[in-house]
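Here the structure comes first, spelled out in structure tokens, and everything after it is commentary.
The values are calculated or read from the model by the stated rules, or taken from the named source; none is laboratory data. What you see is a predicted model; the values in this text were computed from it and never measured. Here the Cβ positions follow ideal geometry from the backbone for every residue, glycine too, while neighbour counts run over all protein chains shown.
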Amino acid sequence: MPGDESWHHAVTGDAIEPPASFAEQANVTDPDLREQFAREWPDCWSRAADLLDWSDDYDAVLGGDGPPFRWFDGGTLNASYNCVDRHLDERKNQVALTWEGRLGEFRSYSYLDLYREVNEFAAALRELGVEEEDVVTLYMPVVPELPIAMLACARIGAPHSVVFAGFSADALAMRMDDADSEYLVTCDGYYRRGAPVHQKNKADNAAIALDDGIEATVVVDRLGVRDGGESSDAADDAPLAADEYDYDDLVTAHRGETVEPVPRDATDQLFLIYTSGTTGEPTGVRHTTGGYLAHAAWTSHAVLDIRPEDTHWCSADIGWITGHSYTVYGPLALGSTTMLYEGTPDHPEKDRVWELIERNAVDVFYTAPTAIRAFMKWGEEHPASHDLSSLRLLGTVGEPINPRAWKWYHEHIGNGECPVVDTWWQTETGGMMVTTLPGVDDMKPGSAGRPLPGIDAKVVDGDGEPVEPGETGYLVVTSPWPGMPLSMVEDDGWFAEQRPLYPDLSEYDWAYFTEDGATVDEDGYVTLLGRVDDVINVSGHRLGTMEIESAIVGVEGVAEAAVVGGDHELKGEAVYAYVITEDGYDGDEDLRERIIAGVEDAIGPIARPEEVVFTTELPKTRSGKIMRRLLEDIANGETLGNTSTLRNPEVVEDIQSKVSND
Ligand code: PRX
């Protein structure tokens, strides 16, 4: 219990050993694995590739001297075959996907069910004209049809681009345009806290905004309206146009059909996913078939300790990379049961997550610190009212976790008996990079751990030199890894262009700067300190400040805007927008509402500013650069340092007086 001295004492020591009961049965138990991987690099990564079935064996674990870095060079495989077909012999009747909807509905698919529907939908996509390499955009909440569509795309070698369902029509259109995607799979709508969200309307608006049209749109009947459901909204009832197809009709029309999985080169693209960076527009990160899948499967095995008989619940939305790697590809590649939940954690009650874990006897639970902080706030009585003894391992991802939240999770959810893995990685890395091996490594609350075996990550100073323990620096990766994206595989210069390299990495043959700040201790444990670029992390969702700024300056009456992340008790960070109005406009409630609506239209509700502060000027350096650090400090109500280097120091007090630091 927090506050209970004995418990507190037990876990506030620097390191917590993995419980013996866990270590005895863990997938990885070799304490020398890091050394072994280092000695045998890159061949060590054959262990990850061995978790997969290959159509053609690869000739080399890492082909050539790189770049390009050809992981599993010469090998061919199919991701859908690896996640579905190959499990049929041993576990065709085992549950592959189990799903709970927002209204409490329940569906589950055995591996045989999954095999059938993936094949049927793959046949349907083919009939609609989808060919190998065509990008299919998937724009749906967490419903079983989403992973099914992903696997159907993978089966025919068509890269999917999943767009988070909460993104706006504009955000969808931008991504479809950028990817030259002419096929869309969406749904009529879905329920959020009991109220329908009209997803198809957003998709229709996106279609209007597209440079090229859409060849075909498949609509999943989620609201149940065309099947005689409840909604009285005429928009839901609208008949489908000639280039629109009902998902169920398609699957029914192709009942019983099978589609040969297309063998793909290990370095062929499996999917792309958009993420925010320092530039205005989000960028599509393209992942490979062999390297990515091997990395996702290996980390699911070695870090999440997943085995076929497990039920694994990764609570991230499938619209983010976490859902791709650890709801869909990793757990299914290992033949386990993966759980999908469409709803929110506090609806209908604040014990929803614990009820789901109890009812589904979840073995491994993987979630974000923002959720853990909310659980903490809601109170320990909610988990305490459920039997959580099925849990064996807990994980977190997406943002730094403070030791207090870590300890609460460990004690109140894991009963002090489940290791907690704090996993650092990114959309770009495809899979986990820095964390603990749960059966081997000690855990240190608040610190992610050491780089995984085979991963060369270090914390360096501005000259690229590794920092001394306790000093802060930049987290960089200095050797390639299997889950690296295609841009790095090909080394087309994209990354160098996108990312101004802060540390001088010229002494390394090759290096990737993660844009995270970090420190490292004497044991090599890395503690992450957050982004050093203009990316903010709201509830574990990555947003570019420039992206939000360009949405705000698009609103009539706005002259200039600066967006920063301010600390937020639950969300980690929240969006603070400082706005200068155009002459003739007042910074009033009307403009504030239009700004919020503008951000929601351009991106989606997740980017909604927590505060809009109207000001006559923004604090700028003498060279005219906006002092973002200062705006962050103001958002956080911190005492400000010397402002005399500003061109306009007088504006600071004015802005400060307008921010409510509650
Ligand atoms: O700042 C780091 C933070 O999330 C960023 C990556 O965001 P995204 O690409 O959206 O992927 C999130 C899920 C993998 C990183 O640059 N981050 C991620 N995991 C952690 C973290 N920060 C601290 N600790 C973590 N475990």
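Filtered by the rule that a residue be closer than 26 Å to E309 by Cβ, basic (K, R) and either in the same structural domain as R193 (by TED's automatic domain parsing) or surrounded by 16 or more Cβ atoms within 10 Å (Cβ to Cβ) (or both), the stretch 352-393 gives R352, R392. Starting from the stretch 418-434, take each residue that is of a type in the set (D, E, K, R) and list its partners that are in a loop (DSSP other than H, G, I, E, B), counting only C-beta distances under 7 angstrom and pairs at least six apart or across chains. Note: pairs meeting the criteria are D422/I401; D422/A448; E428/P485. Can G280 be described as under 27 Å from G323 (Cβ atoms), surrounded by fewer than 22 Cβ atoms within 10 Å (Cβ to Cβ), at pLDDT below 95 and touching a helix residue (DSSP H, G or I) at 6+ places or on another chain (Cβ under 8 Å)? Yes: the conditions hold for G280. Scanning the stretch 391-408 for residues that are away from the ligand (no atom under 11 Å from the Cβ) and in a helix (DSSP H, G or I) gives P403, R404, A405, K407, W408. Screening the stretch 418-434 for residues that are within 7 Å of the ligand (Cβ to nearest atom) and closer than 23 Å to Q25 by Cβ and picking the one that is surrounded by the fewest Cβ atoms within 10 Å (Cβ to Cβ) gives T423.
The residue that is nearest to the ligand (Cβ to nearest atom), counting only those in the stretch 254-280 that are part of a loop (DSSP other than H, G, I, E, B) and acidic (D, E), is D268. Scanning the stretch 409-459 for residues that are part of a loop (DSSP other than H, G, I, E, B) and among the β-branched types (V, I, T) turns up T427, T429, T436, V440, I455. Could you go through the stretch 479-487 and let me know if any residue there is aromatic (F, W, Y), touching a helix residue (DSSP H, G or I) at 6+ places or on another chain (Cβ under 8 Å) and part of a strand (DSSP E or B). Taking every residue of the stretch 479-487 in turn, none turns out to be aromatic (F, W, Y), touching a helix residue (DSSP H, G or I) at 6+ places or on another chain (Cβ under 8 Å) and part of a strand (DSSP E or B). Any residue in the stretch 106-127 that is assigned by TED's automatic domain parsing to the domain that holds C83, of a type outside the set (V, I, T) and touching a Pro at 6+ places or on another chain (Cβ under 7 Å)? Checking the stretch 106-127: at least one residue is assigned by TED's automatic domain parsing to the domain that holds C83, of a type outside the set (V, I, T) and touching a Pro at 6+ places or on another chain (Cβ under 7 Å). Restricting the stretch 437-457 to residues that are within 11 Å of the ligand (Cβ to nearest atom) and buried (at least 22 other Cβ atoms within 10 Å of the Cβ), the residue that is nearest to the chain's Cα centre (by Cα) is A448.
Matching residues to (1) part of a loop (DSSP other than H, G, I, E, B); (2) hydroxyl-bearing (S, T, Y); (3) closer than 28 Å to M376 by Cβ; (4) not assigned by TED's automatic domain parsing to the domain that holds R404:
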site	(1), (2), (3), (4)
M546	no, no, no, yes
E573	no, no, yes, yes
G587	yes, no, no, yes
D590	no, no, no, yes
I595	no, no, no, yes
D601	no, no, no, yes
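Scanning the stretch 165-175 for residues that are within 22 Å of P144 (Cα to Cα) and either in a helix (DSSP H, G or I) or not assigned by TED's automatic domain parsing to the domain that holds P147 (or both) gives a single hit, L172.
State which residue pairs qualify: first residue more than 18 Å from I655 (Cα to Cα) and inside the stretch 581-603, second residue among the basic types (K, R) and surrounded by fewer than 19 Cβ atoms within 10 Å (Cβ to Cβ) in any location, beta carbons under 9 Å apart, and separation of 6 or more residues or different chains. That search, which allows pairs on different chains as well, returns I596/R608; V599/R608; E600/R608.
The single condition among (1) out of contact with any Pro (no Cβ under 7 Å at 6 or more places or on another chain); (2) at pLDDT 95 or above that I596 does not satisfy is (1). Applying the condition of being hydrophobic (A, V, I, L, M, F, W, C) and closer than 23 Å to T435 by Cα to the stretch 354-373 and asking which residue is farthest from the ligand (Cβ to nearest atom) yields V362.
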